[in-house]
Amino acid sequence: MSKVRTRFAPSPTGFLHLGSARTALFNWAFARRHGGELCLRIEDTDLERSTSESEAAIVEGLAWLGFDWDGAIFRQSEHRVRHAELVEQLVEKGHAYRCTCSAQDIEARRQAAIAAGRNWVYDGRCRDAKHGPDSGPHVVRLRLPAEGRFEWDDLVFGPSGKDAAEIGDAIIRRSDGTPLYHLAVVVDDLDMGITHVIRGADHHLNTALQLALYDALERPPPRFAHLPLIVNAEGKKLSKRRDPVSVQDFRDQGYLPEALCNWLARIGWSHGDQEIFSMQEIRDHFDLAGVHRSAGQADPGKLAWLNQHWIKTLPGDALFERARPFFEAEAGRPVALDASLARLIELLRERSKTLVEMARLARFLLVDEVVSDEAAVRKHLRPEILPALEDLAARLAALPAWDEASLAGAFEAACAAAGGLAMGKLAQPVRVAVTGSAVSPGIHETLAVLGRERSLARIGAALERLRAG
RNA sequence: GUCCCCAUCGUCUAGAGGCCCAGGACCCGGCCCUUUCAAGGCCGCGACACGGGUUCGAAUCCCGUUGGGGACGCCA
């Protein structure tokens, strides 16, 4: 087998969504696993709907996910001449013909066929009309054999095929002269030297028509592999309109690319019982033979769990870089990694399902004016704690060293002095005083991270508030 | 309507005739740990769609039924 070359070929008509991302992932993994190449092709033959913003969004999404591709981006619109040439060639050889049936006529005949309970494929009216180039508005249709069957051995679906009679003479060039999807795909896959077409199962039966095109072009087809669809909670194919599934949205919600790829990889593919896959493991183990044929749902709960796993696993500085935008959004200013923040990240990584959540929990360190959760204040900063809190504040202020062990000692002493006060009775008020919230890492750790000055100031402010009633 | 595909816990899946009165993971519930929240540990709930075959033996093979999905564009 020659060197493997796959391609990811999105149409730039929106953001990069989950289904496309998984197709990209599997194309990437397959190519890399086999020491081959991955090409990126933008299928912009439909100029009405294609936008450069969308192309940029797709490229950005792919880069964020961590996929690298080989060579320059291939845009179908830049290969118009080539497409036109081959259509002409097909017409000359009699593999295609001009059709002057108007869209309205076709629609009327289609409706009639359906009304009569017949299955509709183009009825071949212009097949042998031999319309020339000057016969007015026309499209070009591929001439399919009247009989026979197009078959291929799908790398996922196994032996597959469709009768030529059920395909119908498909249009390959619009009346405005632009090529249609199937023609462009086949020509470009050929020109790019694609060896494996790995795409969504919604293209499974389209393969037959494309095989007819390969025949007409007298070129051998590549191998095909169709991936099971990812469906929404209703079991329906993911739709850009209905389902909020853009890769950028996941990023903005604080999901890591590692988690997203891991999640996607396990939908429709498995490697024994293994659940956790790094990008490296995906590319080492990915195998088309392990891909299923049944559609799968994307479970948000599993994503959250995987995201937390990767948050727990990533090296600290890498995690900081991922979290930085979220910290900065929370702080409202640039944030640099210092010892306190590094320590806080270590404390927070076990309690954050997303980077958004992590940033929210880090807020008490990032800003000077903490916003207090009033319910927590009412519950924990009550007058009866005032004496113990004052005693603790004094002990803290007198501490020679502001480290976790010393802080723990001060708390123990204060609890003992208060007649064996339960640790929680004192820790919660302090937690609310310094973080504004009833939830944070351990209180000693929290104070150590915050530092002596800010901690004492916030406790002092809480005391003032308590004294004031 | 025509053609195609699929069918194991709510979800993702292991399972390629006996290792399965079905294993793992997520979710959910409980317990432990504990200064909060998590994390972690332990336990639990929970499925081979149905009906026929084949076989000594079927989640695994065959047929049918039912259910779900996909494709049938001058979209990709």
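What follows is calculated from the coordinates using simple rules that are stated; it is not laboratory data. Please read all numbers here as calculations on a predicted model, not as lab measurements. With ideal geometry, Cβ positions are generated from the backbone for all residues, glycine too; neighbour counts draw on all protein chains shown.
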On the basis of being touching a helix residue (DSSP H, G or I) at 6+ places or on another chain (Cβ under 8 Å), away from RNA strand B (no atom under 13 Å from the Cβ) and closer than 30 Å to A:ALA259 by Cα, does A:LEU463 make the cut?
no
Based on what the data block shows, is A:GLN280 part of a helix (DSSP H, G or I), free of Cβ contacts under 8 Å to residues at least 60 places away in the same chain, surrounded by fewer than 18 Cβ atoms within 10 Å (Cβ to Cβ) and more than 6 Å from RNA strand B (Cβ to nearest atom)?
yes
Among A:ARG33, A:ARG22, which is the only one that is of a type in the set (Lys, Arg) and within 15 Å of RNA strand B (Cβ to nearest atom)?
A:ARG22
So which residues in the stretch A:43-62 are crowded, with 17+ Cβ neighbours inside 10 Å, acidic (Asp, Glu) and farther than 15 Å from A:HIS83 by Cβ, if there are any at all?
A:GLU55
Can you list the helices (runs of 4 or more DSSP H) found entirely within the stretch A:179-269 that contain at least 2 residues being farther than 27 Å from A:ILE282 by Cα?
A:181-192, A:206-217
Per the list (1) more than 18 Å from A:ALA21 (Cα to Cα); (2) of a type outside the set (Asp, Glu); (3) more than 10 Å from RNA strand B (Cβ to nearest atom), residue check on A:SER246 breaks on (1)
Taking A:GLU369 and the conditions (1) among the acidic types (Asp, Glu); (2) crowded, with 17+ Cβ neighbours inside 10 Å; (3) more than 10 Å from RNA strand B (Cβ to nearest atom), which numbered condition does it fall short on, given that it satisfies the others?
(2)
Here is a check on your reading of the model: is A:ARG360 touching a helix residue (DSSP H, G or I) at 6+ places or on another chain (Cβ under 8 Å) and within 12 Å of RNA strand B (Cβ to nearest atom)?
yes
Which condition does A:ASP169 not pass, out of (1) assigned to a helix (DSSP H, G or I); (2) more than 8 Å from RNA strand B (Cβ to nearest atom); (3) among the acidic types (Asp, Glu), if it passes all the others?
(1)
If we only count helices (runs of 4 or more DSSP H) wholly inside the stretch A:352-469, which ones have 2 or more residues that are free of Cβ contacts under 8 Å to residues at least 40 places away in the same chain, out of contact with any Pro (no Cβ under 8 Å at 6 or more places or on another chain) and closer than 30 Å to A:ASP249 by Cα?
A:355-366
When restricted to A:GLY296, A:GLY301, A:GLY290, the only residue near RNA strand B (Cβ under 8 Å from one of its atoms), closer than 18 Å to A:ILE230 by Cα and surrounded by 15 or more Cβ atoms within 10 Å (Cβ to Cβ) is A:GLY296
Which of the residues that make up the stretch A:306-323 are loosely packed, with under 15 Cβ neighbours inside 10 Å and either under 18 Å from the mean Cα position of the chain (by Cα) or within 10 Å of RNA strand B (Cβ to nearest atom) (or both)?
A:LYS312
All but one of (1) touching a Leu at 6+ places or on another chain (Cβ under 9 Å); (2) more than 14 Å from RNA strand B (Cβ to nearest atom); (3) over 20 Å from A:VAL186 (Cα atoms) hold for A:GLY66; state the number of the condition that does not hold.
(1)
Scan of the stretch A:138-163 for residues that are within 12 Å of RNA strand B (Cβ to nearest atom) and either at positive phi or of a type outside the set (A, V, I, L, M, F, W, C) (or both), ordered by number
A:HIS138, A:ARG141, A:ARG149, A:GLU151, A:ASP154, A:GLY158, A:PRO159, A:SER160, A:GLY161, A:LYS162, A:ASP163
For the stretch A:188-212, give me each residue that is within 13 Å of RNA strand B (Cβ to nearest atom), within 15 Å of A:LEU90 (Cβ to Cβ) and either surrounded by fewer than 22 Cβ atoms within 10 Å (Cβ to Cβ) or not polar (S, T, N, Q) (or both).
A:LEU209
Kindly provide the set of residues from the stretch A:334-366 that are under 18 Å from A:VAL434 (Cβ atoms), crowded, with 16+ Cβ neighbours inside 10 Å and basic (Lys, Arg), ordered by number.
A:ARG343, A:ARG360, A:ARG363
Pairs, please: C-beta under 8 Å, at least 6 apart or cross-chain, first residue among the acidic types (Asp, Glu) and in the stretch A:309-320, second outside any helix (DSSP H, G or I)?
A:ASP317/A:LEU337
Restricted to the stretch A:154-192 and to residues being closer than 20 Å to A:LEU288 by Cα and touching a residue at least 12 places away in the same chain (Cβ under 8 Å), the residue farthest from the chain's Cα centre (by Cα) is A:GLY161
Take A:VAL121 and decide whether it is within 25 Å of A:LEU205 (Cα to Cα), in contact with a Ser or Thr (Cβ under 6 Å, 6 or more places away or on another chain) and within 7 Å of RNA strand B (Cβ to nearest atom).
no
